[in-house]
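The values are calculated or read from the model by the stated rules, or taken from the named source; none is laboratory data. Keep in mind that this is a model prediction, so the values were computed, not measured. Heads up, the Cβs are rebuilt from the backbone with ideal geometry, glycines too, and the neighbour counts pull from every protein chain shown. Accessible surface is based on the protein model in full, side chains and every heavy atom, while ligands, DNA and RNA are left aside. Shrake-Rupley method; radii C 1.70, N 1.55, O 1.52, S 1.80 Å.
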Amino acid sequence: VLFAPAQMILSSSAIQDEMGGNLEASENALANLGETNRLPLFRLMVKILAEYENGDQSPYFPWLNALPRLFYNGVAMTDACFECLPPYVSWLSQKERNNYAKFLNALRKGYSTLSQQTLDNDNLIRWAYNIALTRHQVVVPAKEKKITPLADMLNHGTNPNCEITYDPQGNCMVTTTTDVAAGSPLTISLGDPSNPSPLFATYGFLDTDCPTVFCKACEYYIDFGGVLYFGRIDFY
């Protein structure tokens, strides 16, 4: 259902080669914090910021312009949000926001090709982090992450009907794993269907097909104190 050529795929290893030593100081700062396994994600975030700076001259401009501007995950939450959540979900959400803070500090500590205007823009960097976080595909854990434009827009499904693969040349293919009725969404799995908490902390939604999601919904309802705040959580 989709073929994306290798040259249009954002690859953490290719970004490392492209940017050379420009990110060395930042990556060393992350490594000193014990975040070596998150370096591929960091490289994706920096690449997104670099392409954003290129504006409509970037080959990724149509894709970047189509991406969401608002997120409801842990990175987007405030301290008041954390107090309203059940303990485990709150811990996961705070952990994600803390990871973002480490990325932000590391980015500003090291020399890069990004402009000072970009480096001073907290909202822009947070947006780039969320794009990298929510739209990447893991190829080799802790070593290689990729974002394939368009393939990153597949919906989540507890019982997905598609899979994403890469051929030896690095091209991406999305193929269906079962018959898909006309008009039905194409879906992949974004996480463990039996545990909706990480999905909420990372992506900002709860999957209504998860067996335990209704228990979580009740927890959120009680902790938020009624209908007023319950409607602010997206349920898909």
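A few comments on the model shown:
- One residue stands out in the stretch 103-119 among those that are in contact (Cβ under 8 Å) with a residue 40 or more places away in the chain and among the hydrophobic types (A, V, I, L, M, F, W, C): the one that is surrounded by the fewest Cβ atoms within 10 Å (Cβ to Cβ), namely 114.
- Check on residue 158, touching a Pro at 6+ places or on another chain (Cβ under 6 Å) and either without any contact (Cβ under 8 Å) to a residue 12 or more places away in the chain or assigned to a loop (DSSP other than H, G, I, E, B) (or both): yes
- Subset of the stretch 77-118 (residues that are outside any helix (DSSP H, G or I) and under 20 Å from the mean Cα position of the chain (by Cα)): 77, 78
- Within the stretch 122-153, the set of residues being in a loop (DSSP other than H, G, I, E, B), open to solvent by less than 60 Å² (accessible area, probe 1.4 Å) and either under 23 Å from residue 72 (Cβ atoms) or not β-branched (Val, Ile, Thr) (or both) comprises 136, 142, 149.
- Output for the stretch 57-67, where each listed residue is surrounded by 15 or more Cβ atoms within 10 Å (Cβ to Cβ) and in a helix (DSSP H, G or I): 63, 64
Yes or no, residue by residue, for (1) at pLDDT below 90; (2) crowded, with 18+ Cβ neighbours inside 10 Å:
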| residue | (1), (2) |
| --- | --- |
| 155 | yes, no |
| 167 | no, no |
| 181 | no, no |
| 184 | no, no |
| 194 | yes, no |
| 202 | no, yes |
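- Inside the stretch 10-22, residues that are assigned to a helix (DSSP H, G or I), in contact with a Lys or Arg (Cβ under 7 Å, 6 or more places away or on another chain) and of a type outside the set (Gly, Ala, Ser) make up a count of 2.
- Screening 41, 70, 49 for residues that are out of contact with any His (no Cβ under 6 Å at 6 or more places or on another chain), surrounded by fewer than 14 Cβ atoms within 10 Å (Cβ to Cβ) and within 14 Å of residue 128 (Cα to Cα) leaves exactly one candidate, 70.
- Of all residues in the stretch 4-38, those satisfying the criterion of being among the aliphatic types (A, V, I, L, M), over 19 Å from the mean Cα position of the chain (by Cα) and open to solvent by 50 Å² or more (accessible area, probe 1.4 Å) are 25, 33.
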